[in-house]
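What follows is one structure encoded as structure tokens, with my remarks underneath.
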Amino acid sequence: MKAEKEIKENKRTVDEAALSVLEQDQSGVETAFDRYLRMQPQCNFGRTGVCCRICLQGPCRITKKADKGICGAHAYTIVARNLIRSITGGASAHSDHGRHLVYTVLEMLEDKALAYAIEDPQKLQRVAERLGINTDDKDEKEVLAEVAALALEDFIKASTDPCKWLETTIVKDRVDKFSECNILPRGVHTTIAETMAQTHMGMDADPVNLIFQGLKMALCDYIGMHIATDLSDILFGTPKPVTTEANFGVMEADMVNIALHGHNPLLSEMIVRVAREMKDDAVAAGARGIKCMGICCTGNEVLMRQGVPVLTNFLSQELPMMTGALDAMVVDVQCIMPGVKAVSECFHTRVVTTMPNAKIPGAHHVAFSEDRAAEKAKEIINLAIEAFKERKGLEVAIPQVKNKVTAGFSVEALEDILGELNPDQPFKVITDAIDSGQLRGVVLFAGCNNLRVLQDHSHNEIIRQLAKNDVLMVATGCAAGSAAKMGLMNDDAVELYAGEGLKSFIHSLNKANEEKLESNKLPLIFHMGSCVDNSRAFDLATALAKQWEIDMPKIPFVASAPEAMSEKAVAIGSWWVAMGLPTHVGVVPEVTGSALVNGIALQVAEDVYGGYFIWEEDPQKAAEKILAALDERTWKLRIHRGLADKYETELSKSY
Ligand code: BF8
Ligand code: SF4
């Protein structure tokens with residue numbers, strides 16, 4: 001029997017559906033919520049970043065008695081080294097995802113991956129033009145081949161030219177800044193190797209030099225994810241507004257329920273497509289049909305493009321199985337808790353791993369391959385149908401909690417919507433609203449869940465505070481999942497929570513787009529996609545900077561990761577700062593063991609790049625700090641603009 005206190009603390013979530021499963025569970029099934037408690041107290045050396053295990057003499061931990069590692073490494077070296085290895089982990093994950101898409105495109109061009117095709121030729125054209133490819137007299141496949149060749153070069157290349165996906169997607173002032181600071185990467189893979197070498201035992205001990213390398217690595221994270229977004233759009237379509245539902249209530253007892261979990265749309269898109277074709281097989285097994293739904297970022301991918309409902313986000317990934325209604329959980333890569341397998345053993349759910357680099361002992365493994373994608377998807381769906389047959393007629397306990405979600409806001413979709421108010425300069429609709437004070441700025445919510453804080457609580461609180469204060473909000477990843485589950489990502493939330501400025505801004509867009517949007521009225525917070533689609537959020541920031549004709553450190557655009565968890569989140573936060581934008585993190589990263597490294601993150605970064613971190617765990621205070629960061633920038637922007645107008649000069653470049 002669990003102690004009373006433990007049961008109470010076990011409810012570390014404000015998600016009503018997750019809570020009800022945790023409360024009703026009599027099975028003694030162990031989840032992350034239990035394991036977190038058992039893990040306490042956690043090691044403070046690790047938490048502050050001062051534990052080094054880089055060589056076999058370690059672990060070396062910095063204490064009052066031992067203020068250096070055995071080799072003489074100071075806390076600042078150890079903390080900086082650990083941090084940048086973490087950025088490398090994140091950048092490797094995102095670029096692995098991007099490269100997987102490049103390889104699939106190459107196979108497709110060789111007529112091997114036949115299930116895939118160019119779904120969005122306009123996007124291909126836009127990407128090719130941006131990269132400087134001459135598309136005259138070339139067919140789509142030739143153009144795509146050139147795009148793929150340039151993408152591969154961004155991973156490793158002989159020349160010292162800047163990577164294309166960096167140089168062509170950001171403002172020129174940023175390229176110059178990165179060049180001045182010598183952090184323009186020479187290729188993603190090259191930089192991963194450089195960074196691992198630089199952090200080997202007995203290599204770089206200089207924390208500033210290490211952090212600069214970390215930022216170079218972080219820019220590779222940006223390159224990898226931007227390639228992933230662009231190629232996914234070309235293969236599967238650029239998202240447009242779409243409305244569906246989110247949270248456990250999307251499961252239906254009489255359907256074959258399949259959760260798609262992980263990150264890469266190569267698999268999830270195929271399952272969604274084949275599931276539509278296999279309805280009759282499900283009906284023959286006694287079900288009403290097949291219901292696909294998403295967890296984590298692959299869920300975001302199929303939500304954005306196919307309107308697939310959201311089941312849940314990272315932290316509650318094990319819980320849908322405990323309703324007894326989930327027939328299969330199909331996973332690809334990243335953010336998949338190995339614990340899902342143990343939970344599935346207590347129920348009938350088939351956990352199906354699919355990728356060679358993300359297996360779980362005991363799970364069903366169906367080796368996915370791009371050249372037999374449809375066939376593999378069918379094999380996986382058949383496993384789910386078999387599982388449904390086992391549970392047919394048995395009672396299930398699906399919490400009836402779900403909320404309406406309107407998602408699908410790619411930059412292209414936003415441009416189209418804004419264009420109804422200003423066809424020549426769509427983004428001026430936003431910059432004008434900020435200049436006039438109707439909006440206070442823009443905030444991106446990104447990142448994960450983390451058991452160190454109450455699941456979804458900070459997301460919920462900060463979003464409501466910022467809405468009340470007329471902040472235009474966009475979201476990606478599990479932060480978007482959180483807003484979707486909690487009912488913040490729909491038009492009702494605009495009426496409930498938006499301040500007068502934000503409300504009138506959204507209303508005027510709805511009015512101008514009545515025909516185009518149909519039933520997809522604009523939500524309080526705009527879903528821009530998965531974690532790799534932070535590239536979309538940054539493209540929006542770049543579009544605003546270009547509209548204002550200023551460099552990034554001057555634009556009132558802040559990122560917030562209230563529940564950051566993964567190395568990918570560390571990498572994203574780091575490039576967001578290098579790009580010149582303030583970044584709030586609600587879970588203090590493992591850097592506080594060195595005042596110097598912490599100081600670089602909080603202050604020195606701003607002097608050099610214009611962006612900086614804000615660590616704040618309290619959601620109320622976080623909202624205040626985010627608003628202050630926006631206000632500082634809008635205030636400066638107005639002063640600088642006033643001076644430029646008065647003296648008929650260009651806008652000041654300084655920040
Ligand atoms: O890439 S937000 S928990 S699922 S790392 Fe993972 Fe974090 Fe979710 Fe998507 Ni991103
Ligand atoms: Fe210790 Fe230095 Fe080895 Fe790290 S590299 S484990 S600080 S001896």
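The criterion of at least 1 residues that are among the small types (Gly, Ala, Ser) is met, among helices (runs of 4 or more DSSP H) falling completely within region 444-556, by 457-468, 477-485, 491-497, 500-512, 534-548.
The numbered conditions (1) closer than 17 Å to residue 540 by Cβ; (2) more than 16 Å from ligand 1 (Cβ to nearest atom); (3) in contact with a strand residue (DSSP E or B) (Cβ under 9 Å, 6 or more places away or on another chain); (4) not small (Gly, Ala, Ser) are all true for residue 431 except (3).
Working only within region 252-276, note down all residues that are on the phi < 0 side of the Ramachandran plot, under 24 Å from the mean Cα position of the chain (by Cα) and not in a helix (DSSP H, G or I). Within region 252-276, 258, 259, 260, 261, 263, 264 meet the criteria. Within region 584-608, residues that are in the same structural domain as residue 619 (by TED's automatic domain parsing) and in contact (Cβ under 8 Å) with a residue 40 or more places away in the chain sit with their Cβ atoms under 7 Å from residues that are assigned to a helix (DSSP H, G or I) and among the hydroxyl-bearing types (Ser, Thr, Tyr), at 6+ positions apart or across chains, in these pairs: 586/458; 590/48; 592/48; 593/48; 594/76; 596/76; 597/76.
Checking each residue in region 574-618 for being of a type outside the set (Gly, Ala, Ser), more than 20 Å from the chain's Cα centre (by Cα) and part of a helix (DSSP H, G or I) picks out 596, 597, 598, 600, 602, 603, 604, 606, 607, 608, 609. One residue alone among 538, 526 is closer than 19 Å to residue 237 by Cβ, crowded, with 22+ Cβ neighbours inside 10 Å and within 27 Å of the chain's Cα centre (by Cα), and that residue is 526. In this entry, residue 18 passes the filter for residues that are away from ligand 2 (no atom under 16 Å from the Cβ) and buried (at least 20 other Cβ atoms within 10 Å of the Cβ).
Identify, from the list 137, 111, 161, 154, the residue that is acidic (Asp, Glu), loosely packed, with under 14 Cβ neighbours inside 10 Å and at negative phi.
When all the criteria are applied, what remains is 161.
Output the residues belonging to region 333-358 that are in a loop (DSSP other than H, G, I, E, B) and either closer than 18 Å to residue 36 by Cβ or within 22 Å of the chain's Cα centre (by Cα) (or both). Within region 333-358, 333, 334, 335, 336, 337, 338, 354, 357 qualify.
The rows are residues; the columns are (1) under 20 Å from residue 103 (Cβ atoms); (2) free of Cβ contacts under 8 Å to residues at least 24 places away in the same chain; (3) assigned to a helix (DSSP H, G or I); (4) in the same structural domain as residue 269 (by TED's automatic domain parsing).
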residue: 202; (1), (2), (3), (4): no, no, no, no
residue: 205; (1), (2), (3), (4): no, no, no, no
residue: 208; (1), (2), (3), (4): no, no, yes, no
residue: 212; (1), (2), (3), (4): no, no, yes, no
residue: 215; (1), (2), (3), (4): no, no, yes, no
residue: 219; (1), (2), (3), (4): no, no, yes, no
residue: 224; (1), (2), (3), (4): yes, no, yes, no
residue: 228; (1), (2), (3), (4): yes, no, yes, no
residue: 231; (1), (2), (3), (4): yes, no, yes, no
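The residue list 563, 549, 461, 567 contains one member that is in contact (Cβ under 8 Å) with a residue 12 or more places away in the chain and in contact with a strand residue (DSSP E or B) (Cβ under 9 Å, 6 or more places away or on another chain), which is 563.
Of the residues making up region 406-436, those that are polar (S, T, N, Q) and either buried (at least 17 other Cβ atoms within 10 Å of the Cβ) or under 22 Å from residue 519 (Cβ atoms) (or both) number 3. Residues in region 292-315 that are over 17 Å from the mean Cα position of the chain (by Cα) and under 21 Å from residue 343 (Cα atoms): 2 in all.
The lone criterion from (1) under 16 Å from residue 590 (Cβ atoms); (2) free of Cβ contacts under 8 Å to residues at least 60 places away in the same chain; (3) within 16 Å of ligand 2 (Cβ to nearest atom) left unmet by residue 39 is number (3). Exactly one residue among 48, 31 is among the hydroxyl-bearing types (Ser, Thr, Tyr), within 27 Å of residue 197 (Cα to Cα) and either touching a Gly at 6+ places or on another chain (Cβ under 9 Å) or away from ligand 2 (no atom under 16 Å from the Cβ) (or both), and that residue is 48.
Per-residue answers, yes or no, for (1) within 16 Å of ligand 2 (Cβ to nearest atom); (2) under 24 Å from the mean Cα position of the chain (by Cα); (3) part of a helix (DSSP H, G or I); (4) surrounded by fewer than 22 Cβ atoms within 10 Å (Cβ to Cβ):
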| position | (1), (2), (3), (4) |
| --- | --- |
| 565 | no, yes, no, yes |
| 623 | no, yes, yes, no |
| 641 | no, no, yes, yes |
| 651 | no, no, no, yes |
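Of all residues in region 121-129, at least one satisfies being more than 16 Å from ligand 2 (Cβ to nearest atom), under 24 Å from the mean Cα position of the chain (by Cα) and not aliphatic (A, V, I, L, M).
When 505, 538, 526 are screened for being in contact (Cβ under 8 Å) with a residue 40 or more places away in the chain, farther than 29 Å from residue 571 by Cα and of a type in the set (Phe, Trp, Tyr), only 505 passes.
Scan region 69-89 and give yes if some residue there is within 15 Å of ligand 2 (Cβ to nearest atom), on the phi < 0 side of the Ramachandran plot, surrounded by fewer than 19 Cβ atoms within 10 Å (Cβ to Cβ) and without any contact (Cβ under 8 Å) to a residue 40 or more places away in the chain, otherwise no. Taking every residue of region 69-89 in turn, at least one turns out to be within 15 Å of ligand 2 (Cβ to nearest atom), on the phi < 0 side of the Ramachandran plot, surrounded by fewer than 19 Cβ atoms within 10 Å (Cβ to Cβ) and without any contact (Cβ under 8 Å) to a residue 40 or more places away in the chain.
The values are calculated or read from the model by the stated rules, or taken from the named source; none is laboratory data. The structure presented is a predicted model; accordingly, all values stated were derived computationally and were not measured. All Cβ positions, glycine included, derive from the backbone under ideal geometry; neighbour counts span all protein chains shown.
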